[in-house]
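Student: This is the structure I have questions about; it appears just below.
Any read-out appearing in this document is the output of simple, stated calculations on the displayed coordinates, not a laboratory observation. Since we're looking at a predicted model, the values are computed, not measured. Reconstructed Cβ throughout: ideal geometry from the backbone, glycine too, with neighbour counts over all protein chains shown.
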Amino acid sequence: MRRREFLISVAAVGSISLTRPAWAAKEKMVVYKDPNCGCCRAWAEAMKAAGFSVTTEEAGDLAAVEERYAIPAEMQGCHTAVVSGYYAEGHVPLDAVTRLLAERPDIAGLAVPGMPEGSLGMGDDPRASYDVFAVKRDGSSTVYQAVRPKG
């Protein structure tokens with residue numbers, strides 16, 4: 001690759017990361033969470049910091065929210081976010097949410113079951129290891145993204 005082509009490529013890739021917060025600001029996200037959950041609050045704050053327009057709804061009965069969005073029991077986490085017709089169940093990492101919204105696959109949403117140690121909102125540890133699942137509308141799922149230790 002010639003120097004000029006290389007520099008144009010670098011500038012193009014760099015500009016994508018600069019526009020991501022502006023793009024996210026156009027996306028409205030509702031986060032349903034337990035009123036006493038600190039990790040859910042931390043996850044919602046990370047989405048706000050990334051530029052999403054986040055509204056938090058304190059849900060005394062999160063099971064009713066998960067039922068409304070038909071989130072399979074084995075995929076449930078500790079909070080449910082809804083953005084652009086998709087759900088993000090549990091501690092879904094920011095890059096998975098932005099990828100979902102960029103690709104717009106034909107799925108119901110993403111899920112990180114349980115509360116994996118080191119996931120976004122749960123310490124954001126670079127040694128974290130867990131899977132992000134794409135949940136289809138029929139309730140079946142596949143691994144969308146594997147989060148593994150960096151290093």
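Student: Please sort 139-150, 26-37, 109-120 by packing, taking for each peptide the average over its residues of neighbouring beta carbons within 10 angstrom, highest first.
Tutor: Sorting 139-150, 26-37, 109-120 by mean packing, highest first, produces 109-120, 26-37, 139-150.
Student: Starting from the 7 Å offset along Cα-to-Cβ, what nm value, one decimal, do you get for the label separation of Lys48 and Ala63?
Tutor: 3.0 nm
Student: Starting from the Cα of Arg148, step 7 Å along the direction of its Cβ; do the same at Asn36; then give the gap between the two resulting points in nm.
Tutor: In this crude spin-label approximation the distance works out to 3.9 nm.
Student: Next question, about the same structure. Work out how much length Arg137 to Asp106 would gain on full extension: take 0.36 nm times their residue separation and subtract the Cα-Cα distance, in nm to one decimal.
Tutor: Value of the extension gain: 10.3 nm.
Student: For region 23-151, calculate the relative contact order in percent as a whole number, restricting contacts to Cα pairs under 8 Å that are 6 or more residues apart.
Tutor: 21 percent
Student: Moving to a separate point now. Consider all pairwise Cα distances in region 23-121 and report the whole-number % of them above 22 Å.
Tutor: 18 percent
Student: Another question about this same structure. I want the local charge near Asp34. Using Cβ-Cβ distances under 13 Å, sum +1 for each Lys or Arg and -1 for each Asp or Glu among the other residues.
Tutor: Taking every other residue near Asp34 into account, the sum is -2.
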